[in-house]
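**Student:** Can you keep this structure in mind? I'll have questions shortly.
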Amino acid sequence: MTTLTRNFAEAVNIPIIADADVGYGNAINVARAVREFERAGAVAMHMEDEDLPKRRSGLKVKSVISDVEMVGKIKAALDARRDPEFMVIARTDSYGAGAIAEVVRRCRLYSEAGADMVFPTGIGLREDMERLRQDVPGLKLFNMGGYSPAASLKPRLPFEEIGALGFKLVIMPMAAARAGARAVWDLLHGIKRDGPSFEEAHIQGLKGHPMEDWYAFTGLRDIKAVENRYLPAADPEE
């Protein structure tokens with residue numbers, strides 16, 4: 001995860017938020033995770049109160065650790081960070097294990113423990129979002145969902161409306177990965193069906209797209225410019 005985070009941080013100039021799952025263990029592991037993600041270039045990380053072994057996010061029945069243990073992990077994360085601007089986001093999975101009242105209680109507790117933002121995942125009802133807006137102070141993250149149609153908020157609200165409900169950050173997990181996987185699937189099946197002409201049509205469809213010039217998009221032209229500037233010219237006989 002830290003390797004991926006470092007790669008992303010080097011590729012873009014926007015803030016990177018890392019998913020630290022359950023912190024990879026107890027408070028000792030959490031402290032190391034914070035330092036590792038900071039060094040990798042993340043500006044924030046979120047960790048959850050789910051018990052080990054971690055389960056897939058879409059599951060409705062989950063087991064969460066005690067609030068006392070989670071508070072200890074939050075405090076360990078805060079003490080371990082070297083950059084005071086690095087954000088520790090505390091996620092609770094108690095919506096899948098209990099009622100909205102438990103989510104509210106844990107979010108308030110985690111905020112009081114010092115978490116910079118709370119992340120009540122699994123919320124899919126507008127009335128629950130309104131309850132969190134009213135009863136949980138501080139910054140809140142909203143998970144738009146999207147692993148499956150059944151797991152998503154219905155209907156999907158505009159960002160402005162989610163903001164008005166008290167959430168200052170929205171994540172859309174799997175959106176980019178799903179789009180990329182679909183593109184690969186469609187391309188390969190198209191080639192299987194139509195042969196090389198399908199790829200040719202795909203390439204023609206990239207006219208005007210940032211990916212039209214693959215060498216420019218991947219930075220190869222920049223590398224070539226550096227090569228021309230600093231490396232000796234090739235032997236003309238070669």
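**Student:** Say each of A101 and A216 gets a label point 7 Å from the Cα, pointing the same way as Cα to Cβ; how far apart are those two points in nm?
**Tutor:** Result: 6.1 nm between the two label points.
**Student:** Which residue fluctuates the most in the chain, going by a Gaussian network model with Cα springs under 10 Å, if the choices are R81, R133, R182?
**Tutor:** Of R81, R133, R182, the Gaussian network model singles out R182 as fluctuating most.
**Student:** Mind telling me which of R35, R178, R221 comes out most flexible in a GNM of the chain, alpha-carbon contacts under 10 Å?
**Tutor:** R221
**Student:** If Lys and Arg each add +1 and Asp and Glu each add -1, what is the summed charge of the other residues whose beta carbon sits under 15 Å from the beta carbon of E130?
**Tutor:** Local charge sum for E130: 0.
**Student:** Amide H of F119 versus every other amide H placed in the peptide plane: which residues, excluding those fewer than 5 positions away on the same chain, fall under 5 Å?
**Tutor:** Those lying under 5 Å, H to H, from F119 are A90, R91, T92, L141.
**Student:** Which values, in whole Å and largest first, are the semi-axes of the equivalent ellipsoid of the chain obtained as the square root of 5 times each eigenvalue of the Cα gyration tensor?
**Tutor:** After diagonalising the Cα gyration tensor, the semi-axes are 41, 25, 16 Å.
**Student:** Next up: Using the count of nearby Cβ atoms within 10 Å as a rough guide to exposure, how do I171, I28, I123 rank from fewest to most?
**Tutor:** I28, I171, I123
**Student:** In Å, what Kirkwood hydrodynamic radius results for region 177-230 from the alpha-carbon pair distances?
**Tutor:** With all distinct Cα pairs of region 177-230 included, I get 13.1 Å.
**Student:** Under a GNM of the chain (C-alpha, springs under 10 Å), which listed residue has the highest mean-square fluctuation: A90, A113, A183?
**Tutor:** Ranking A90, A113, A183 by mean-square fluctuation puts A183 first.
**Student:** If you wrap a convex hull around the alpha carbons of region 67-206, what volume per residue comes out, as a whole number of Å³?
**Tutor:** Enclosed volume per residue, from the Cα hull, is 175 Å³.
**Student:** Still on this model: Only counting other Cβ atoms within 10 Å, I'd like S94, S197, S111 sorted with the fewest neighbours first.
**Tutor:** Fewest-to-most ranking of S94, S197, S111: S197, S111, S94.
**Student:** A further question follows. Under the Karplus relation 6.51 cos²θ - 1.76 cosθ + 1.60, θ = phi - 60°, what is the ordered set of whole-Hz ³J(HN,Hα) values for region 194-211, x standing for Gly and Pro?
**Tutor:** Taking θ as phi minus 60°, the curve returns 10, x, x, 4, 5, 5, 4, 5, 4, 4, 4, x, 8, 4, x, 8, x, 8 Hz for region 194-211.
**Student:** Quick one: if you stick a label point 7 Å off each Cα along the C-beta vector at E69 and M1, how many nm between them?
**Tutor:** Between E69 and M1, the simple spin-label model gives 1.6 nm.
**Student:** What ranking of K140, K73, K168 emerges when the number of other C-beta atoms within 10 Å of each C-beta is taken as an exposure proxy, fewest first?
**Tutor:** Going from sparsest to densest Cβ surroundings: K168, K140, K73.
**Student:** Follow-up. Can you give the FRET efficiency for R39 and H209, using 1/(1 + (r/R0)^6), R0 = 45 Å, r = Cβ-Cβ distance, to the nearest 0.05?
**Tutor:** 0.85
Every number in this text was worked out from the coordinates using simple rules, so none of it is lab data. None of the values given here were measured: they were computed from a predicted structure. When we count neighbours, we look across all protein chains shown, and the Cβ atoms used for this are built from the backbone with ideal geometry, even at glycine.
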